[in-house]
Amino acid sequence: GNRFGPGKDQISWKVNGRIGDSPIIGAGLYVDNDIGAAGATGRGGAVIKSCASFYMVMRMGQGRTPQEACEDACELIVRKYRNVNPNFFPSEKFVAINKDGEYGAASMGNSRGRPRMTVRNAESLQIYEGTTQYTG
């Protein structure tokens with residue numbers, strides 16, 4: 001079967017009483033069987049407030065590739081939060097896959113190089129390296 005989703009449990013910067021972004025549908029993970037799936041991790045508040053995973057899937061539904069959808073999510077968060085705080089420094093990471101099996105990844109900030117994800121299909125297991133935006 002197909003599996004997709006974030007696998008990070010981050011405690012740093014967590015506000016007491018708030019759950020992470022991963023279990024919130026549309027924030028940390030969103031799947032639409034007719035379009036594809038997307039996942040996000042990083043600063044949970046920004047991911048939750050922007051519904052980043054939902055946004056990426058909707059962008060793919062509008063014809064964007066998974067890679068473009070991940071990059072669009074980076075743009076959305078920067079646009080949304082730099083207006084509020086000009087010193088906002090993003091650190092989010094995104095992955096997406098469409099129903100045709102195309103995939104993409106993007107990250108923001110200086111997060112130890114480009115984002116990587118493993119992709120496995122019937123023929124192989126490979127490492128995909130995405131793009132990094134807004135490095136400072």
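Can you find a residue in region 61-75 that is over 16 Å from Thr41 (Cα atoms) and among the aliphatic types (A, V, I, L, M)?
No: region 61-75 contains no residue that is over 16 Å from Thr41 (Cα atoms) and among the aliphatic types (A, V, I, L, M).
Could you run through region 77-107 and say how many residues are closer than 14 Å to Gly45 by Cβ and either out of contact with any strand residue (DSSP E or B) (no Cβ under 9 Å at 6 or more places or on another chain) or aliphatic (A, V, I, L, M) (or both)?
So in region 77-107, the residues closer than 14 Å to Gly45 by Cβ come out as 77, 80-81, 84-85, 88-92.
Still in the list and also either out of contact with any strand residue (DSSP E or B) (no Cβ under 9 Å at 6 or more places or on another chain) or aliphatic (A, V, I, L, M) (or both): 77, 80-81, 84-85, 88.
Within region 77-107, residues that are closer than 14 Å to Gly45 by Cβ and either out of contact with any strand residue (DSSP E or B) (no Cβ under 9 Å at 6 or more places or on another chain) or aliphatic (A, V, I, L, M) (or both) number 6.
Restricting to region 33-45, and then to whatever is in contact with a strand residue (DSSP E or B) (Cβ under 9 Å, 6 or more places away or on another chain) and either surrounded by fewer than 23 Cβ atoms within 10 Å (Cβ to Cβ) or in a strand (DSSP E or B) (or both), can you tell me which residue is modelled with the lowest pLDDT? Show your work before the answer.
First, the residues of region 33-45 that are in contact with a strand residue (DSSP E or B) (Cβ under 9 Å, 6 or more places away or on another chain): 35-42.
When the remaining residues are screened for being either surrounded by fewer than 23 Cβ atoms within 10 Å (Cβ to Cβ) or in a strand (DSSP E or B) (or both), the result is 35-41.
Details: Ile35: 98, Gly36: 98, Ala37: 96, Ala38: 95, Gly39: 91, Ala40: 88, Thr41: 83.
Here the residue is Thr41.
So which pairs qualify, if the first residue must be in region 114-133 and under 13 Å from Ala96 (Cα atoms) and modelled with pLDDT of 85 or more, the second must be charged (D, E, K, R) and assigned to a strand (DSSP E or B), the Cβ gap must be under 9 Å, and the two must be at least 6 apart or on different chains?
As it stands, the answer is Tyr128/Arg116; Glu129/Arg116; Gly130/Lys93; Gly130/Arg116, since those pairs meet every condition given.
In region 49-87, which residues are on the phi < 0 side of the Ramachandran plot, hydrophobic (A, V, I, L, M, F, W, C) and free of Cβ contacts under 8 Å to residues at least 60 places away in the same chain?
Within region 49-87, Ala52, Phe54, Met56, Val57, Met58, Met60, Ala69, Ala73, Leu76, Ile77, Val78, Val84 meet the criteria.
So that you can scan it fast, the table gives a plain yes or no per residue for (1) surrounded by fewer than 20 Cβ atoms within 10 Å (Cβ to Cβ); (2) among the hydrophobic types (A, V, I, L, M, F, W, C); (3) assigned to a loop (DSSP other than H, G, I, E, B):
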{"site": "Glu68", "(1), (2), (3)": "yes, no, no"}
{"site": "Ala73", "(1), (2), (3)": "no, yes, no"}
{"site": "Tyr81", "(1), (2), (3)": "yes, no, no"}
{"site": "Asn87", "(1), (2), (3)": "yes, no, yes"}
{"site": "Phe94", "(1), (2), (3)": "no, yes, no"}
{"site": "Asp100", "(1), (2), (3)": "yes, no, yes"}
{"site": "Val119", "(1), (2), (3)": "yes, yes, no"}
{"site": "Glu123", "(1), (2), (3)": "yes, no, yes"}
{"site": "Ile127", "(1), (2), (3)": "yes, yes, no"}
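Which of the residues that make up region 66-97 are in contact with a Lys or Arg (Cβ under 9 Å, 6 or more places away or on another chain) and farther than 17 Å from Thr132 by Cβ?
Lys80, Tyr81
What are the pairs with Cβ atoms under 7 angstrom where one residue, in region 88-109, is touching a residue at least 12 places away in the same chain (Cβ under 8 Å) and at negative phi and the other, located anywhere, is of a type in the set (S, T, N, Q) and in a loop (DSSP other than H, G, I, E, B)? Sequence gap at least six, or different chains.
So the pair list comes out as Ser91/Ser111; Lys93/Ser111; Glu102/Thr65; Gly104/Thr65; Met108/Ser91.
Got a number for residues in region 66-93 being of a type outside the set (Phe, Trp, Tyr) and in contact with a helix residue (DSSP H, G or I) (Cβ under 8 Å, 6 or more places away or on another chain)?
Keep residues of region 66-93 that are of a type outside the set (Phe, Trp, Tyr), which gives 66-80, 82-87, 90-93.
Checking the rest, the ones that are also in contact with a helix residue (DSSP H, G or I) (Cβ under 8 Å, 6 or more places away or on another chain) come to 66, 68-70, 72-73, 76-77, 80, 90, 92.
Final tally of qualifying residues: 11.
The values are calculated or read from the model by the stated rules, or taken from the named source; none is laboratory data. A quick note: this is a predicted structure, and the numbers were derived from the prediction, not measured. Cβ: placed from backbone, ideal geometry, glycine included. Neighbour counts: every protein chain shown.
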